[in-house]
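Beneath this line is the structure, given in structure tokens, with notes to follow.
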Amino acid sequence: MNPYGLELHAGGRGDLASLPPDWIATTAIERRLLLLRGFRNLTQHELIEFAQRLGKLLEWNFGYVLDVRIHAAPKNYLFTEGNVPYHWDGAFAEVVPRFQVFQCLQTGGAGGETTFCNTIDLLKHASPEELSRWQQITISYHTEKQAHYGGQIKRPLVSLHPITGEPTIRFAEPLNEQSIKLNPLSLEIEGHSAEAQQEFLDAFIPRLYEAPFYYEHHWQAGDLLITDNHALLHGRNQINGNITRHLQRVHVI
């Protein structure tokens, strides 16, 4: 996959049970993204069983499987037609998942691509001045618990990948003009005035969308995507006409 990731296409003949779990996990870490395409759709029970082959699952108040689609009366911007700014999953949980396992059940129309930033490679290509500044930044985040997550946390901008030891970026992007302003997340950079904080965000956020670190996934029904949640930030493009978009997500810890 370009600029990173690996696609395994089954052509409608593949059996997910034949894929060794160790290979799936290792490949997802090495390539950041592993796309399994052309396999049959999994039932919710089968999706849980597949994810459990990779490790213990993170259970939320709704269970293991989150249905990601537009709600008629949403309480959080995740379930609207607006975009979803960059974040990492499990930021407000007791443990941050290793992997996200996404299954696409339905798609159609425009928009709704899932966006990713390979933060490990971004840090490798950062200038010494950028790296030095980023390593000194700590950010406090707060959001009310209207969905399955919320609270207040404090995290350094740069931390180490718990499996590979490589430096990664942990950053949750504020809502923007393409976001529906529901249940917003606020952030505060330690030791920065409001003016200095905005100056930093204006310079830093565009870096997360630059090639070759940026990838947007155009979903096809049946896609199964395993992602390295420690290495990547992810979000979603605005949904323009793709209102039938329906993903399922499971977290592996």
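A few remarks follow.
- Test: residue in region 92-108 that is modelled with pLDDT of 95 or more and hydroxyl-bearing (Ser, Thr, Tyr): no
- Wholly enclosed strands (runs of 3 or more DSSP E) of region 111-175 bearing at least 1 residues in contact (Cβ under 8 Å) with a residue 60 or more places away in the chain and crowded, with 19+ Cβ neighbours inside 10 Å: 114-118, 167-169
- Criterion: in contact with a strand residue (DSSP E or B) (Cβ under 6 Å, 6 or more places away or on another chain) and assigned to a helix (DSSP H, G or I) - qualifying residue of 105, 54, 35, 47: 47
- Condition check for residue 27 on (1) more than 28 Å from residue 121 (Cα to Cα); (2) crowded, with 17+ Cβ neighbours inside 10 Å; (3) not aliphatic (A, V, I, L, M): one failure, at (1).
- Residue that is surrounded by the fewest Cβ atoms within 10 Å (Cβ to Cβ), among those in region 30-44 that are in contact (Cβ under 8 Å) with a residue 24 or more places away in the chain and more than 16 Å from residue 215 (Cβ to Cβ): 40
- Matching entry among 244, 227 (being at pLDDT below 95 and of a type in the set (Val, Ile, Thr)): 244
- Residue in region 196-212 that is surrounded by fewer than 21 Cβ atoms within 10 Å (Cβ to Cβ) and in contact with a Lys or Arg (Cβ under 7 Å, 6 or more places away or on another chain) present: no
- Candidates are the residues of region 185-211 that are in a loop (DSSP other than H, G, I, E, B) and out of contact with any helix residue (DSSP H, G or I) (no Cβ under 7 Å at 6 or more places or on another chain); the one that is modelled with the lowest pLDDT is 185.
- Restricting region 219-233 to residues that are of a type in the set (A, V, I, L, M) and in contact with a helix residue (DSSP H, G or I) (Cβ under 9 Å, 6 or more places away or on another chain), the residue that is farthest from residue 171 (Cα to Cα) is 224.
- Filtered by the rule that a residue be hydrophobic (A, V, I, L, M, F, W, C), over 12 Å from the mean Cα position of the chain (by Cα) and within 16 Å of residue 178 (Cα to Cα), region 79-95 gives a lone residue, 79.
The values are calculated or read from the model by the stated rules, or taken from the named source; none is laboratory data. Since we're looking at a predicted model, the values are computed, not measured. Glycine also receives a Cβ, built like all others from the backbone with ideal geometry; neighbour counts cover every protein chain displayed.
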